[in-house]
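A short reminder: the numbers here are calculations on the coordinates, not readings from a lab. Owing to the predicted nature of the structure, the values given are computational and were not obtained by experimental measurement. Cβ placement follows ideal geometry from the backbone for every residue including glycine, while neighbour counts extend to all protein chains displayed.
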Amino acid sequence: MYRKTVLKNGARIITERLEHFRSVSLGIWVSGGSRDEEKAENGISHFIEHMIFKGTRNRSSLQIAKELDAIGGLSNAFTTKEYTCFHSKVLDKHFSVLADILSDIFLNSTFDPQDIDRERQVILQEISMVDDSPDEHIHELFNRLFWIDHPLGMSVLGTGETVSAISKKEILDYIKRFYTPDRIIIAAAGNIDHEAVIAFFKPLFESIEPGEKAPPLNSPHINSDVSSHYKDLEQVHICLGGQAPHILSDLRFASAIFNTILGGNMSSRLFQEIREKRGLAYSIYSFLSAYIDAGLLGVSVSTGPLEVNNALEVINAEIKKIQQGEISDTDLEEAKEHLTGGILLGAESTDARMVRIAKNEFIFGRYISYEELVDDLEKVTVDEVVACANETFLTDRVSLATLGPIKKEELDLGCLQFN
């Protein structure tokens, strides 16, 4: 059973009771991520995510860790382009202890300057780790190219320069701007009673003073370009993509099916053609990134320097086949079944349910049942998938980034010509 309560200051508490579970997943969410940052403060949302666990007025960082471990809590946090979440999963009998810990770190963190300087070094190492992982770094380079001069193109982690400059004052100013009650959701899923959640969190979170209204989002304009980053590696890492429907669009279901057919699983066109039939790559897949006002559907592949253009040619050919309508009813039904399976299998996880009800509240402002979601997926037609493929991969509307031992002039850019 799903229930929702809106506090006087605008903070929302949502729960989904699942009596047959023994666990509870609890998350405190903020509608704020790296796309809300100014260029000079890039990485501050992620920095705050780290700092929340470093000590409060009531607990040291060691106490926080020990108390969570003592109740078997699987605790974590994550920052995305649009959200920040602090969450944990425990047995239902430990919910009150978990609620006390999470509310304490969220409301009472001290942001000690010494802890800030110490954690800064950890984050700088994290940035270096991504830079040293070309299969991750290529996505950062592609985002920077595709969402040029827009916060969506910035790294969630920030840069060495911006992270080095973040101070306690900047952290507190950012929290004042974005950690306002109208942007906060407390979400819980599992064997939990809604009234119990309200009884605990309402006195604490209803006292948060409303802040100034956040500035409206600046919607991005996609960039069509090619960038080649030469680096002495064994492979060339490639990422190319075009504009996809945003997360509120009715076309998002067709886009998900297109992504699945193109490169979303092991039976997909790209996996079969590039890896299984030709042996051109070990890693090949397509991906979908949907935001509140923009979307991206891309392809990522890593291959030898001599095989780059062969791989690009196959990618181009497989996309064109879909654009020309080479999708059977069987292809469509198998993709739908694959996606439906993922959706319904996720329903067996309290973590997945907690994340789902929170995101639906942020995006749609309401609960969306699994039945409604699957029904919308089932309505997608072959024509809609074909239209999505044509709208996503348009000549002169696609970007390409490479990382590895190849130069731009060596790339066959004719492979970026689509229908």
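Key figures for this structure:
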{"item": "Among residues of segment 252-291, those that are touching a strand residue (DSSP E or B) at 6+ places or on another chain (Cβ under 9 Å) and either part of a strand (DSSP E or B) or hydroxyl-bearing (Ser, Thr, Tyr) (or both), counted", "result": "12"}
{"item": "Residue tally, condition aliphatic (A, V, I, L, M) and within 14 Å of Thr303 (Cβ to Cβ), over segment 276-292", "result": "3"}
{"item": "Residues within segment 289-304 that are among the hydroxyl-bearing types (Ser, Thr, Tyr) and more than 15 Å from Ser34 (Cα to Cα), tallied", "result": "3"}
{"item": "Some residue of segment 313-329 being farther than 21 Å from Ile261 by Cα and surrounded by 15 or more Cβ atoms within 10 Å (Cβ to Cβ)", "result": "no"}
{"item": "Enumeration of residues in segment 370-419 that are in a strand (DSSP E or B) and either without any contact (Cβ under 8 Å) to a residue 12 or more places away in the chain or under 18 Å from Ala290 (Cα atoms) (or both)", "result": "Val398, Ser399"}
{"item": "Unmet requirement for Ile284, which otherwise passes all of (1) out of contact with any Phe, Trp or Tyr (no Cβ under 7 Å at 6 or more places or on another chain); (2) among the β-branched types (Val, Ile, Thr); (3) farther than 23 Å from Lys379 by Cβ", "result": "(1)"}
{"item": "Residues located in segment 197-226, provided they are assigned to a helix (DSSP H, G or I) and surrounded by 15 or more Cβ atoms within 10 Å (Cβ to Cβ)", "result": "Val197, Ile198, Phe200, Phe201, Lys202, Leu204, Phe205"}
{"item": "Residues satisfying the stated conditions in segment 365-419, i.e. exposed (fewer than 13 other Cβ atoms within 10 Å of the Cβ) and on the phi > 0 side of the Ramachandran plot", "result": "Gly365, Asp396"}
